[in-house]
Amino acid sequence: MGKIRKNATRFEFPKTPTGVEGLDEITEGGFPKGRPTLICGGAGCGKTLLSMQFLIRGIIDYHEPGVFMSFEEGIPDLAMNVKSLGFDLNKLVKEKKLVLDYVRVERSEIEEAGEYDLEGLFVRLGYAIDKIKAKRVVLDTIESLFSGLNNQAILRAELRRLFHWLKQKGVTAIITGERGGSTLTRQGLEEYVSDCVILLDHRVIEQVSTRRIRIVKYRGSTHGTNEYPFLIDEGGISVLPITSLKLNNKVSSKIVPTGVPGLDEMFFGGGFYKGSNILISGTAGTAKTTLAAFFANQQCKNGEKVIYFAFEESPDQLLRNMKSIGLNLQAHINKGLLQIHSSRPTLNGVELHLLTLRKLIKEFKPTTVIIDPISNLITVGSAHEVRSMLVRLIDMLKLNNITALLTSLSQQNENLRPDLTEDSISSLVDTWITVRDMEGLGERNRGIYIVKARGMGHSNQVREFIITNKGIELLDVEIGPNGILTGQARKTNQLSKKVSELKLKDEMSRKDREIVRKRKVLEANIAAMRNEFESVQEELSILKATEELQAKLVSNKQLPKKRT
């Protein structure tokens, strides 16, 4: 039997991009093309703005003309409301890319003289669509259209007819609806006849306002099923999707220096890996911000773009404080390499802070991000929200290969258990550095050590460091009888070592002199003995010569005389 060949080309569900940042990601491409989408929610949750942004981004980014039919707000009010977001509706209308139509429906002015239908609306809307060949349509809001109708059977029939008519026109439509008591909409029918239903929610938890979006259903397509926070600012709506759990981000083997020479030496690679996440934790006053500022300064010196998010100090205060220890961060700001953003954590909820970070990162495109301190976000969220936000933050930074340095304020506790922030993020980060106070002999000193550094060898020593007007200096480790010596104990030990060295040097010098003296005495004795030896040797030689001479004389006397 032959093998069944699988279709190599995968079917792609036709979709229309929304143009809303983050929304296309959770809908996996946008709203269903040529089908109606229902956007429902309570008052003030952003239904009209989301719909208008869908139309305008379609015109600007995708060249798709649109029709906006309002049943609540007049045209001048609509134009004025979105103008603050940078949308010029009147200009788009003049360019015949947008049609704005206001249909006034008042219950007191309606008299039922026959069966109610939407034929007039279809004619009016069809004319507007054909006039500019619109591809996108918005009806805002559907409840106002049926406010004068009491017959539920006719209402349901006309609702079905409206959605069917929009499908026949082949336009990608958005219908907004107000949320009901026990249903998504007041009529309870729109969510069933819509191909896509999106629910917007505006809630206040512990005096912190948060807007969230959720895709209730999406026929024919997979989609994100969670609740996602979204932000309304001067650029419109931005949605924060939950990042992928596949952990398939690329990594780099390039090393970036820490900005502190002594700290670089503690890493056998000479610094951090590019694109890694670094956590610096410690109690108050242990120089976490200073270490972060030195890292930012070093990155800017290397020509890298840096965003510094400060939750405790204003930009001017941070610049002044760092200038006192020899860092001129203002020069990097002037060059466009450094941006400092300061705000209080209570300004937004945890996830909206993350959304703001994401938006600023997308606009500035930095290679380095510093958040100081990340522990302050705990004050505006529960333990679960903090953990979720930190995971999404780390994933977002890793996905973009951004080197991130996070500081965390540790609380002093007797049971030595890690804080919520450390407990949540310590297993996620690649490098964990701890700075701490080391008290002794009535003084407080600072120490630093590396808890972990994934993929890189590192020192296991606790190094004392000092901060001067020239920067941070890591001191060599001094070991005493009872452990590491710091501060005055270090100086006393160093002084004692110097005294011992001087004594040893003096003793060695005295020994050297004594050896020289003894060498001279020895050499003199050797010379005297040599002279004595030479004298004895000379006497012996004389004696030998005398003896030989006498022997010759005796020999000569004994010889016989010749006869004549």
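Points worth noting:
- Verdict on Ser500 being at pLDDT 85 or above and in a helix (DSSP H, G or I): no
Listed here are the residues, each with its yes/no results for (1) of a type in the set (Asp, Glu); (2) out of contact with any Ser or Thr (no Cβ under 8 Å at 6 or more places or on another chain); (3) assigned by TED's automatic domain parsing to the domain that holds Arg219.
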site	(1), (2), (3)
Glu21	yes, no, yes
Thr27	no, no, yes
Pro32	no, no, yes
Arg35	no, no, yes
Ile39	no, no, yes
Gly46	no, yes, yes
Ser51	no, no, yes
Leu55	no, yes, yes
Ile59	no, yes, yes
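- Only one of the numbered conditions (1) touching a Leu at 6+ places or on another chain (Cβ under 6 Å); (2) in contact (Cβ under 8 Å) with a residue 40 or more places away in the chain is violated by Thr290, and that is (1).
- Verdict on Ala134 being part of a loop (DSSP other than H, G, I, E, B), at pLDDT 90 or above and not hydroxyl-bearing (Ser, Thr, Tyr): yes
- Residue in the range 294-306 that is nearest to Val256 (Cα to Cα), counting only those that are surrounded by 19 or more Cβ atoms within 10 Å (Cβ to Cβ) and over 15 Å from the mean Cα position of the chain (by Cα): Gln298
- Check on Lys305, out of contact with any strand residue (DSSP E or B) (no Cβ under 9 Å at 6 or more places or on another chain) and modelled with pLDDT of 85 or more: no
- Total residues in the range 277-315 satisfying the condition of being over 23 Å from Phe465 (Cα atoms) and in a loop (DSSP other than H, G, I, E, B): the figure is 8.
- Residue check: Ser281 meets all listed conditions (1) in contact with a helix residue (DSSP H, G or I) (Cβ under 7 Å, 6 or more places away or on another chain); (2) without any contact (Cβ under 8 Å) to a residue 40 or more places away in the chain but one, namely (2).
The values are calculated or read from the model by the stated rules, or taken from the named source; none is laboratory data. Predicted model, so just to flag it, every value in this text is computed and none were measured. Note: ideal-geometry Cβ built from the backbone for every residue, glycine included; neighbour counts use all protein chains shown.
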